[in-house]
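Working notes, structure below.
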Amino acid sequence: MNRITAISVVVLLFLAFNARAQDSTKKKKVTLTGDMGVWYEGYGLDKAPEQSTPNFYQPRKPWNSLRYSFNPNITYGKWSIPFNFNFSALQNNFITPVTSGKQSVWQFLTNPANNFGISPKIGTTEILLGTQNLHYSDLSTGDLSIFGYGVNLSPGKFRFKLFNGVSQRPIDYVAPTLIPPNPGTIGAYQRNQWMAQLGLEKEGKYFAGFNIVRMTDKINSVTSAPLPPIDPQQNVVISFLANATTGDGWNYHIELGQSFHTTNLNTPLSNVPALDMKPFLNSHTSTNKDNAVMLAVAKKGSDWEIGTKFNYYGAGYFTAGYPFMTNDRMEYLANTHFNAWKKKINVVASIGQRFGNLSLISGPNITKQLIANANVFTQFSDHFSLNASFNNFGFNSADISGYKSVSNELSINPSYTWNTTTMSNLISATYTWSKYDETIIIPASVTNNNTQTVLLLYVPTIFNAKINPDFSVMWFRNTAPSINLTLLNASAGITWKPGKKISYKGQLQYNLSTTAPFTANKNGLLTGGYDWEIYKKLTWQMLVTINLYKYGTELPGGSLTPVYPGDPRYLESNIRTGLQYRF
């Protein structure tokens, strides 16, 4: 079944399922809401020296870019048709760039930097066309942007979802070259995905259903295949999901998943029938079958909640939507939040432990990690409040190195407000202390990394005034073996609203960054812009940023080739402006 035929079947299903609803909408009015806009962004970089080896600063953005958005929502009786078009003519993005020639129409539509989505809905039927962000469950679909087509049906308590599309566009491998300098492109296979969900739901009460997801890399989608370890993969995931909420505050969650993951479709077919899942997947010698479990239960009161979670991910378990999820682990967590002292104290806390390398693939022992955090907010009076938080993270390695790390962080944030007849004032201070200790037995080594941060903030608000400023000062210190870094930052900002339809904002920052024994790097950052309602629902926005950075002796001009007689520096500028119209 080709794409056109499949889309036609979905549309016919949509029309047939709701044919009776058309008569009831004849007298309804068409309404249009949403917005549309166009944005331009220009980037500039001037360096001194302009050319050097090494190249001490690279451009961070394209020199010019133009982006469009079109997001109307058309309603007519029971019909609702939301559009989500957000795109740029640029062919490159950070994930899968096109390095030569122009984009094809297919590459343009499936470019992760673009969104083209339409989701017409009538009653209990919804059609999904174009770019969609779908999440059936954590152990099945995960959370990925996919370009394709599908349908959601929800008559009564019955729930049915189906979607088919492309989550990764094909990109040919390009080898890096020294002359001319070209980093090349690692390449990617086209990744096709389809997913389905079948279940029963009573909103606010319960849901129970099954999910199935199939992901396949198309081997012949590229003419120049990526090099290992980027191999064509295939994955099929089946999961059972159930949620329930009772009238007395109990919440239950369970998901059981099983995946059949092939790490390389170029490997031979396997003769182990237990790993086959026909017709969805034929097992290869690189196919792994494994399971995952997610359990949670919680009890909620009027001003408190307590709960516990348990997660298990087998060494061979992979989801279609979370490709970088860490598997081969088990974890439990207890969490709570409650109010005390006439609701002036709010406490949020959790503690748990994570075990890794359960399969002993990475070493002879199981790794252990302690996870704990707590946050306490206290409103002592109408003027004074205090927020304190603590986080702990520990890790023990499974191998013979005896690796062990412990991270602790403590943060205290008092705030005080007061008013006069002409203005209100807020002063806030934050102190953060972080300590990281790392120990290795073989070879013997001990590493300590400590940081401290102090932030002071003052925000005056002048009554009946069109101008309001804010001021902040920050000090940061990082000490570790061979590291002695100090950062100082001072900033002042202002907002000005001279009229109902226009407002200005600006900020000036000055930074000193010193790494002993070198002299300080100096940085000045100026930002300014406005938001102007030109005509009724039409708004013009502008934001300009100028960033001047001068290196200290950390990067002497004599270390560059050719030798530069002064201190290297760069001036970076960015302008972003756009028009937005609200329907």
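The values are calculated or read from the model by the stated rules, or taken from the named source; none is laboratory data. What you are looking at is a predicted structure, and each value in this text was computed from that prediction instead of being measured. Ideal geometry is used to build each Cβ from the backbone, glycine not excepted, and the neighbour counts take in all protein chains shown. For the accessible areas, the whole protein counts, side chains as well, though only heavy atoms, and no ligand, DNA or RNA atoms are used. Shrake-Rupley method; radii C 1.70, N 1.55, O 1.52, S 1.80 Å.
Quick check: Cα centre of the stretch 249-328 to Cα centre of the stretch 504-569, how many Å?
Result: 46 Å between the Cα centres.
By the scheme Lys and Arg +1, Asp and Glu -1, what is the net charge of all other residues having a beta-carbon under 10 Å from that of Ser405?
Values: positive: Lys404; negative: Asp437, Glu438.
Value of the local net charge: -1.
Which entries of Lys368/Lys435; Lys47/Lys550; Lys202/Lys299; Lys202/Lys289 have Cα-Cα distances beyond 22 Å here?
Lys202/Lys289
When the Cα centres of the stretch 340-366 and the stretch 188-224 are compared, how far apart do they sit, in Å?
What the calculation gives is 30 Å, centre to centre.
Can you tell me the length gained on complete extension of the stretch Asn271 to Phe471, counting 0.36 nm per residue apart and subtracting the Cα distance?
Numbers: separation 200, 0.36 × 200 = 72.00 nm, distance 6.94 nm.
Using 0.36 nm per residue and subtracting the Cα-Cα distance, I get 65.1 nm.
So if R0 is 30 Å, what FRET efficiency would Tyr40 and Met423 give, r being the distance between their Cβ atoms, rounded to the nearest 0.05? Let's see the in-between values first.
Values: r = 38 Å, r/R0 = 1.28.
It comes to 0.20.
In the neighborhood of Ser65, defined by Cβ-to-Cβ distances under 12 Å, what is the net charge if each Lys or Arg adds +1 and each Asp or Glu adds -1?
+2
Grab the DSSP H runs of the chain that are 4 residues or longer, score each as -39,500 (n - 2.57), total them, divide by all residues and round the 222 nm result to the nearest 500 deg cm²/dmol. Before the final figure, lay out the partial values.
Values: 2 runs with 21 residues, N = 583.
The per-residue figure over the chain is -1000 deg cm²/dmol.
Accessible area per residue of the chain at 1.4 Å probe, in Å²? Mind dumping the intermediate values first?
Working: 32640 Å² over 583 residues.
Using a 1.4 Å probe on heavy atoms only, each residue of the chain averages 56 Å².
Give me the net charge of Phe207's neighbourhood, meaning all other residues with Cβ under 13 Å from the Cβ of Phe207; Lys, Arg count +1, Asp, Glu -1.
Net charge in that neighbourhood comes out at +2.
Ignoring ligands, DNA and RNA, what percent of the 1.4 Å accessible area of the chain is carbon and sulfur?
Details: 20620 of 32640 Å².
Roughly 63 percent of what the probe reaches on the chain is carbon or sulfur.
Cα centroid distance between the stretch 113-150 and the stretch 402-456, in Å?
Their Cα centres are 41 Å away from one another.
Taking the radius of gyration and the Kirkwood hydrodynamic radius from Cα positions alone, what is the Rg/Rh ratio for the chain, to two decimal places?
0.98
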